[in-house]
Amino acid sequence: MVLIIFYAACNLGDDLFVKHLCFQYKQTCFVMYCPYEFRKAFEKIQNLKLLYEKDDIKNYRSLIKLQILIGGSLFMQPSDNSKIYDKFLFNKQYRYFLEIPFVIIGANFGPYDDILHYQLHKEWFKKLEYITFRDVYSFSLFKDMKNISYAPDILFGYPLNKQEKKHSIGVSCIYNNNRIGLPKYDNNSCIENLAKICNSYIQKGFEVRLYSFCNKQLDNISVNMIFNKVNDKEHIHKVEYTGDTDLFLKDFLSNEFILGTRFHSIVLALSAGIPVFPIIYNIKTQNLLVDLGFIGNSIEIAKCNDLSIEYAEHNRIIPFKIPVSIKQQSFNHFRYIDSFIKKG
């Protein structure tokens, strides 16, 4: 039995991480704590045992052979430097059992600007069985360690069904709730300009679809704010992820073009071959684009009020295609798990 530890919040990216892991090892029994309210994405996974109380994990201690922490932005420095050590202790608590092997897959490190944040985690990382990073920058920070590796984001390997395209533009939204990793920017001016972009696309004859990847992180607030500022309500639609990954992906992947703020809106669009315009809200997105050799326009979210439809349209007309090897390389996140399971 393998224990999965992840960010439970009905967040599309994290939910797909778990599904991809379970599908990759269909003969392996997984167990995972997930609050009851966020269970929907996982209820039909036959090789996954859901626990709705965290304390129940200890009842499976004798059966668990491996612990897997799967996630992306797990190691961002807190905005208050006095809380660096507290954040480090919080991260260490992801490991439930000290005597059972523990691996981290699919993460990035930072952003950070205090060496203490880096040093604390590096000393801890040295004691773990294995870590995979999803960007070259994070990997380079720990390249002297033998228990780490790099692979493109896990979801580049997630199987996506081809969808019939609609004459529509998808907009992945994010709300500035001042959480870790978000830069200081004017949320209202960003919303105002995105609404103008939506109006322009509707005038060009497109449908516009606004996506909330995580209501708990308030994406839906931005969706509603943009929706309310768009004149033609008949041709703009709100789509919120509520746990049905297949239904949400079917809708999202039917768009002709994506204006992507959420990190995984960009990953999924590129993986599906959909033209995408990245709106960068975190250095992790910039690192992703660099690693892919992305050729196209993009903009930092703090400058979003300067975005014009002409600048975004460049990416729709001249789309960037990811290298063919990226999807296969993403499966390297599972290398350690492969070898561990084969050993039995």
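The values are calculated or read from the model by the stated rules, or taken from the named source; none is laboratory data. All figures in this text were calculated on a predicted structure; none of them were measured in a lab. Positions of Cβ are backbone-derived with ideal geometry, glycine not excepted, and every protein chain shown enters the neighbour counts. The accessibility values were calculated without ligands, DNA or RNA, using every heavy atom of the protein model including side chains. Shrake-Rupley method; radii C 1.70, N 1.55, O 1.52, S 1.80 Å.
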Selection count where residues are open to solvent by 100 Å² or more (accessible area, probe 1.4 Å) and either at pLDDT 95 or above or part of a helix (DSSP H, G or I) (or both), scope the stretch 319-344: 5
Failed item, numbered, when G260 is tested on (1) in contact (Cβ under 8 Å) with a residue 24 or more places away in the chain; (2) surrounded by fewer than 24 Cβ atoms within 10 Å (Cβ to Cβ): (2)
Whichever residue in the stretch 240-257 is in contact with a strand residue (DSSP E or B) (Cβ under 8 Å, 6 or more places away or on another chain) and within 25 Å of I317 (Cα to Cα) and, among such residues, is most open to solvent (accessible area, probe 1.4 Å): E256
Meets criteria (within 26 Å of I337 (Cβ to Cβ) and touching a strand residue (DSSP E or B) at 6+ places or on another chain (Cβ under 6 Å)) for Q67: yes
Total residues in the stretch 158-179, condition surrounded by 14 or more Cβ atoms within 10 Å (Cβ to Cβ), of a type outside the set (S, T, Y) and closer than 21 Å to E300 by Cα: 6
Residues located in the stretch 44-80, provided they are in a loop (DSSP other than H, G, I, E, B) and either farther than 25 Å from L128 by Cα or among the aliphatic types (A, V, I, L, M) (or both): K44, I45, Q46, N47, Y52, E53, L63, I64, L74, M76, S79, D80
Long-range neighbours under 6 Å by Cβ, at least six apart or interchain, first residue over 20 Å from Y96 (Cα atoms) within the stretch 25-42, second part of a helix (DSSP H, G or I) and open to solvent by less than 30 Å² (accessible area, probe 1.4 Å): A41/D15; A41/T245
Condition check for L289: under 19 Å from P323 (Cβ atoms), in a helix (DSSP H, G or I) and either touching a Phe, Trp or Tyr at 6+ places or on another chain (Cβ under 6 Å) or at pLDDT 95 or above (or both): yes
Qualifying residue in the stretch 29-39 (condition: within 27 Å of G110 (Cβ to Cβ) and open to solvent by 20 Å² or more (accessible area, probe 1.4 Å)): yes
Which listed residue, of F227, F248, F252, is touching a Lys or Arg at 6+ places or on another chain (Cβ under 9 Å), modelled with pLDDT of 95 or more and closer than 30 Å to S325 by Cβ: F252
Single residue of the stretch 60-91 satisfying the filter (open to solvent by 90 Å² or more (accessible area, probe 1.4 Å) and charged (D, E, K, R)) that is nearest to H20 (Cα to Cα): K65
Of all residues making up the stretch 171-194, the number that are modelled with pLDDT of 95 or more, farther than 16 Å from R262 by Cβ and touching a Lys or Arg at 6+ places or on another chain (Cβ under 9 Å): 1
